[in-house]
Amino acid sequence: SKARVIQGEKAMRDAERLSIDNDSILNVLEFTHATARHYVTASYGAVLCVDSAEELRMTRRGVTHDCLASGNYSLWRCDIDESELVFGAEARERATIAKRAELVRLTEQWQLTNDRMLGIRQLLKALESLKHLNLADVLSQMLGCHRELQKLENLIQQIDLGDHAELEQKLAEFKQQEETLRQQEDSLIKQIGQLEEKLSSLRKAIKRIADEQDSTQSTVEQCEAALKAISEDWPDFDYAARLEQADQQAAHIDRDLITQQRDTLEAQLHTCERKLDDSIKSHNQNSLPGDAIAYDVFNGEYNQSLFRTICQLQRQIDSIYNRLKNNILVEKHGQLQKLKESFNNAFVSNLCHSIHQAINDGKRQIEILNNELQFHRFGDDRETFRFDFEWLPEYREYARFFEEIIRNPDLGDGQTLFDANLSKTSQKVRDRLMSMLLDEDEDKALRELDRIADYRNYHRYEIYKEVEGKPAIPLSEYGTGSGGQLETPAYIIRAAAITSAFRFSEGKSHLRMVLVDEAFSKMDETRSREVIQYLTDSLGLQLVFIMPTSKCGPYMDLITNEFVYAKCPSLAPRGELNTRVLVDRKVCNQEKIKALWESHRNTIYQQAELDFMKELEGSVS
């Protein structure tokens with residue numbers, strides 16, 4: 001909120017108008033930035049350098065070498081801390097040195113404060129560890145001990161120890177040996193505790209490993225029994241070879257990797273079981289009663305019973321497959337041949353001919369639009385518009401394939417699409433279409449077929465604007481045109497499409513009404529009036545356009561009927577609505593409106609002429 005932006009341009013202008021005295025402080029300053037020079041010149045150019053305080057008393061704005069200054073009819077000192085200096089390279093260097101010194105001082109204060117804080121924290125921690133003690137009892141015991149000790153010392157003083165010096169020396173040695181042995185005893189006690197704790201931990205680990213070994217051995221026996229049961233249900237499974245392979249893998253097994261593989265296999269097992277159940281249900285719904293497969297409902301347990309059921313299910317499937325292969329497939333083969341011929345005929349007769357005909361119809365429709373557009377000229381430049389197109393590479397291959405199929409005379413007379421003598425490119429396109437049509441994803445196949453069957457996808461279309469004496473301009477690259485310039489071709493092309501679709505050149509009775517919403521929102525008044533006159537006068541269309549009331553004034557002399565819609569609140573609710581719409585219809589008298597416009601235009605011209613003459617008269621006087 002305290003930031004300020006320098007008015008550089010104003011400072012430059014004020015500095016240019018200011019006359020600088022020879023004693024000005026600007027003569028002792030050097031600048032590397034133009035805006036800074038202008039700002040200081042305009043703000044402090046009148047400040048003079050004086051030699052003494054006596055001379056400074058009679059100076060309006062001045063400064064001395066010993067930091068005295070004058071201004072606003074007063075004298076003051078200009079003391080400032082070196083860390084706050086700003087102007088000048090030397091001042092900024094001094095400020096940097098002062099800031100660094102202050103940083104060092106603050107760092108030392110912070111370190112000292114931190115050390116005090118750590119000491120206080122340790123003191124508080126020590127105070128927290130203090131406990132309540134019964135000092136009176138302890139002092140009483142200490143006093144009793146002290147009295148007994150004093151008695152013993154008095155007795156010892158009364159004893160003559162001169163003859164027992166040797167015994168005292170041995171006693172001191174024995175005490176030293178006792179202390180050494182006591183230290184060894186404490187060390188051994190600590191080692192015994194550590195060893196007992198380690199022994200207890202080892203016993204627990206041995207017991208846990210033994211329990212796990214028993215559990216693992218039991219699990220191994222159960223798994224071997226399950227493998228043996230698998231070989232009983234499915235004789236093709238080699239029980240002995242699988243056990244030998246498991247023993248080899250156990251020598252260098254990675255537990256985490258095996259656990260991850262087991263989880264993956266379990267997930268695959270669950271997925272395969274659900275797919276199997278769905279496949280059997282689908283088969284039983286579509287098969288003959290004699291070919292149905294009996295399958296028990298899954299009870300949720302993946303065990304030996306489920307494997308036995310799946311083995312029995314596999315035998316049923318093999319039996320049904322052999323029966324179908326030996327009996328039914330022979331009959332179905334002939335039906336498939338007929339269906340193949342029918343598909344070939346439908347593909348050639350319907351799809352290829354339909355798409356080829358649609359592509360030709362699209363070309364013909366563009367030619368019709370171009371023939372219609374060549375007579376539609378607009379504006380002062382007499383602009384014309386035309387359509388053009390170019391092939392897309394992928395769809396160009398499809399178009400050539402369809403054309404080659406249609407021009408092949410042998411197709412349909414005993415020769416199939418796969419026996420015809422086609423080029424290598426057409427064969428690739430044929431195989432691509434067949435793989436697309438026979439895709440398992442039916443929705444994807446239908447989407448691709450719709451994409452290929454749509455003739456509009458085969459070309460990249462463009463609209464060109466042509467002006468006499470200038471090269472044609474594609475509207476997709478008409479980047480410099482404004483919104484109104486781009487909206488004008490849209491109206492012209494749509495008008496040509498309407499006249500072509502309504503077939504104005506054929507017959508006598510036609511629909512000639514056009515409805516335009518948000519009309520001419522991007523065009524100026526002159527271009528909008530030209531478009532309206534083109535649609536109504538040139539093409540003879542009845543134009544109904546919608547726009548806000550505030551923008552309809554310039555077009556009042558062109559319209560014959562006006563409908564004004566107003567939405568306002570309703571005092572009484574009308575169903576679920578609290579508003580009502582009022583409609584006002586007006587029939588416009590175009591001759592009177594034109595006369596009013598002409599009169600208003602003349603008034604504006606006269607007023608402009610009077611204003612111009614008044615300004616001219618004022619400038620002359």
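The values are calculated or read from the model by the stated rules, or taken from the named source; none is laboratory data. This one's a predicted model, so the numbers in the text were calculated from it and none came from an experiment. For neighbour counting, all protein chains shown are included, and Cβ atoms are generated from backbone atoms with ideal geometry for every residue, glycine included. Areas reflect the complete protein model, heavy atoms only, side chains present, ligands, DNA and RNA absent. Shrake-Rupley method; radii C 1.70, N 1.55, O 1.52, S 1.80 Å.
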Out of Thr96, Thr41, Thr35, I need the residue that is of a type in the set (Val, Ile, Thr), open to solvent by less than 100 Å² (accessible area, probe 1.4 Å) and free of Cβ contacts under 8 Å to residues at least 12 places away in the same chain. Which one?
Thr96
Matching residues in segment 241-278 - criterion: being in contact with a helix residue (DSSP H, G or I) (Cβ under 9 Å, 6 or more places away or on another chain) and either small (Gly, Ala, Ser) or touching a residue at least 40 places away in the same chain (Cβ under 8 Å) (or both)
Ala246
Can you find a residue that is surrounded by fewer than 11 Cβ atoms within 10 Å (Cβ to Cβ) and under 58 Å from the mean Cα position of the chain (by Cα) anywhere in segment 535-543?
yes
Just checking, does segment 96-104 include any residue being part of a helix (DSSP H, G or I), of a type in the set (Lys, Arg), modelled with pLDDT of 85 or more and farther than 30 Å from Val28 by Cβ?
no
If you take the residues of segment 575-604 that are over 17 Å from Pro554 (Cα atoms) and either among the aliphatic types (A, V, I, L, M) or part of a helix (DSSP H, G or I) (or both), which of them is nearest to the chain's Cα centre (by Cα)?
Leu577
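Here's the yes/no breakdown for (1) within 21 Å of Gln7 (Cβ to Cβ); (2) small (Gly, Ala, Ser):
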residue	(1), (2)
Ser24	no, yes
Val28	no, no
Val47	yes, no
Asp51	no, no
Val63	no, no
Asp66	no, no
Tyr73	no, no
Asp79	no, no
Glu82	no, no
Residue under question is Leu75, and the condition is that it be more than 52 Å from the chain's Cα centre (by Cα), modelled with pLDDT of 90 or more and surrounded by 10 or more Cβ atoms within 10 Å (Cβ to Cβ); does it hold?
yes
Subset of segment 44-62 (residues that are surrounded by fewer than 14 Cβ atoms within 10 Å (Cβ to Cβ) and assigned to a loop (DSSP other than H, G, I, E, B)):
Asp51, Ser52, Met58, Arg60
Write out, first by first residue and then by second, each pair whose Cβ atoms fall under 6 Å of each other, whose residues are 6+ apart or on separate chains, and whose first residue, in segment 8-22, is over 15 Å from Ala46 (Cβ atoms) and open to solvent by less than 100 Å² (accessible area, probe 1.4 Å) while the second is at pLDDT below 90 and among the hydroxyl-bearing types (Ser, Thr, Tyr).
Gly8/Thr35
Does segment 206-219 contain at least one residue that is among the charged types (D, E, K, R), surrounded by 10 or more Cβ atoms within 10 Å (Cβ to Cβ) and in a loop (DSSP other than H, G, I, E, B)?
no
If I ask for residues that are among the charged types (D, E, K, R) and either surrounded by 10 or more Cβ atoms within 10 Å (Cβ to Cβ) or closer than 19 Å to Ser305 by Cβ (or both), which ones from segment 220-236 would you list?
Glu221, Glu224, Lys228, Glu232, Asp233
Every residue in segment 564-606 that is aromatic (Phe, Trp, Tyr) and surrounded by fewer than 11 Cβ atoms within 10 Å (Cβ to Cβ), please.
Tyr565, Tyr605
Testing Leu339 on (1) at pLDDT 75 or above; (2) surrounded by fewer than 13 Cβ atoms within 10 Å (Cβ to Cβ), one condition comes back false. Which one is that?
(1)
Filter segment 546-563 down to the residues that are open to solvent by 50 Å² or more (accessible area, probe 1.4 Å) and assigned to a strand (DSSP E or B), then identify the one that is nearest to Asp517 (Cα to Cα).
Phe563
Quick test of your reading of the structure: Lys198 fulfils all but one of (1) in a helix (DSSP H, G or I); (2) under 20 Å from Asn303 (Cβ atoms). Name the failing condition by number.
(2)
Residue pairs, Cβ under 6 Å, 6 or more apart or interchain, first in segment 595-609 and touching a residue at least 24 places away in the same chain (Cβ under 8 Å), second surrounded by 11 or more Cβ atoms within 10 Å (Cβ to Cβ) and not aliphatic (A, V, I, L, M). List them.
Trp597/Asp557
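Every residue, every condition in (1) over 60 Å from the mean Cα position of the chain (by Cα); (2) charged (D, E, K, R); (3) at pLDDT below 80, yes or no:
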| position | (1), (2), (3) |
| --- | --- |
| Gln111 | no, no, no |
| Ala126 | no, no, yes |
| Leu135 | yes, no, yes |
| Ser187 | yes, no, no |
Matching residues, segment 78-93, being open to solvent by 70 Å² or more (accessible area, probe 1.4 Å), in contact with a helix residue (DSSP H, G or I) (Cβ under 9 Å, 6 or more places away or on another chain) and under 18 Å from Leu29 (Cα atoms)
Val86, Phe87
Take the residues in segment 492-533 that are open to solvent by less than 20 Å² (accessible area, probe 1.4 Å) and of a type outside the set (A, V, I, L, M), then tell me which one is modelled with the highest pLDDT.
Ser528
Could you list, ordered by first residue, the pairs with Cβ atoms under 6 Å in which the first is in segment 556-567 and farther than 13 Å from Asp584 by Cβ and the second is outside any strand (DSSP E or B) and open to solvent by 80 Å² or more (accessible area, probe 1.4 Å), at least 6 apart or interchain?
Asp557/Lys594; Asp557/Trp597
